[in-house]
Amino acid sequence: MKRRTGIFFLITIVMLCNAGCITHSPLKTPDTGQHPQSFNTEVIKSVEVNYLLYIPDTYAVSQKKWPLILFLHGAGERGNNLKMVEMHGPPKQIAQENKTFPFLVVSPQCPEDEWWSSGKQIDTLSALLDHIVATYRVDEDKIYVTGLSMGGFGTWRLACEYPDRFAAIAPICGRGDPYVARALPHLPVWVFHGAKDSVVPLQASREMVDALKKVGGNVKFTVYPDAGHNSWSETYNNPALYQWFLKHTRSNNK
């Protein structure tokens, strides 16, 4: 079993300028009134993220492309110590339980005082996926996202920002925007939450599930009647979750 850590740097050009730089016209006396105008420039964005990368032992045996799980941790695991990311979910199972997965598993770490659902971190996650896809043999029709608590928030937001990129998602005790969830009627979603959650109320997930059902979404909802905020341990220990992921491909969602 191979487990790698990495620091990822990327510069992304968002808009292209014909002149290749920011230009300013000399000051002039404008015509009064309202007139059509145009503007273009170059905007460069730099992102950086630390992450754990799991590569199955059999990766090198064949040239096949592999499914990928993007795992987003909770707020308590933020910072710059990747050992924190191994506290829960697939990274914990790999590091502490020697579990193997038929996936590449990418587990980034959110910086201190940041949130996965922020625009900055969504850009970072998208760029990280671009990097992994360009570097490893990834089946782009089998990319899955899951996360717990803050990572559940990020799972919803990332899917809504890129609704056609993923094959399926599994947000756990998270929250999203029910209005924006209308963009996901085609995406298989399995939602998990504890009925006694006092940190992120059950209603947060229920609203997202209801919004998806209204647009004919492909959604499953599992509520643990006796669980509090920790609804992720039982979820990630359940082999059915990973079997469910593998049943779905992006090409079949269209």
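The values are calculated or read from the model by the stated rules, or taken from the named source; none is laboratory data. Computed from a prediction, not measured in an experiment: that's the story for all the values here. For neighbour counting, all protein chains shown are included, and Cβ atoms are generated from backbone atoms with ideal geometry for every residue, glycine included.
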Is it the case that VAL209 is free of Cβ contacts under 8 Å to residues at least 24 places away in the same chain, surrounded by 13 or more Cβ atoms within 10 Å (Cβ to Cβ), in contact with a strand residue (DSSP E or B) (Cβ under 8 Å, 6 or more places away or on another chain) and not in a loop (DSSP other than H, G, I, E, B)?
-> yes
Scanning region 170-183 residue by residue, the ones that are buried (at least 24 other Cβ atoms within 10 Å of the Cβ) and modelled with pLDDT of 95 or more total 6
Mind checking whether some residue in region 128-139 is part of a strand (DSSP E or B) and either touching a Lys or Arg at 6+ places or on another chain (Cβ under 9 Å) or not aromatic (Phe, Trp, Tyr) (or both)?
-> yes
Assess whether PRO90 counts as being within 20 Å of ASN237 (Cβ to Cβ), in contact with a helix residue (DSSP H, G or I) (Cβ under 9 Å, 6 or more places away or on another chain) and not acidic (Asp, Glu).
-> yes
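Residues are listed down the side, and each one gets a yes or a no for (1) among the charged types (D, E, K, R); (2) out of contact with any Leu (no Cβ under 9 Å at 6 or more places or on another chain); (3) touching a residue at least 24 places away in the same chain (Cβ under 8 Å):
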| site | (1), (2), (3) |
| --- | --- |
| LYS45 | yes, no, yes |
| TYR59 | no, no, yes |
| LYS65 | yes, yes, yes |
| ALA75 | no, yes, yes |
| PRO102 | no, no, yes |
| HIS131 | no, no, yes |
| VAL145 | no, no, yes |
| GLY154 | no, no, yes |
Within region 184-206, the count of residues that are buried (at least 21 other Cβ atoms within 10 Å of the Cβ) and either under 17 Å from VAL145 (Cα atoms) or of a type in the set (D, E, K, R) (or both) comes to 10
Does at least one position in region 196-205 carry a residue that is assigned to a loop (DSSP other than H, G, I, E, B) and either in contact with a Pro (Cβ under 7 Å, 6 or more places away or on another chain) or within 16 Å of SER251 (Cα to Cα) (or both)?
-> no
Positions within region 160-195 being of a type in the set (D, E, K, R) and either closer than 20 Å to TYR224 by Cβ or in a strand (DSSP E or B) (or both), in sequence order | ARG175
Among the residues of region 212-222, count how many are surrounded by 17 or more Cβ atoms within 10 Å (Cβ to Cβ), over 14 Å from ILE172 (Cβ atoms) and polar (S, T, N, Q).
-> 0
What do you reckon, is THR124 part of a strand (DSSP E or B), polar (S, T, N, Q) and surrounded by 16 or more Cβ atoms within 10 Å (Cβ to Cβ)?
-> no
Give region 50-70 a look and list any residue that's under 17 Å from TRP116 (Cα atoms) and either surrounded by fewer than 18 Cβ atoms within 10 Å (Cβ to Cβ) or touching a Gly at 6+ places or on another chain (Cβ under 9 Å) (or both), or say none.
-> ASN50, TYR51, LEU52, LEU70
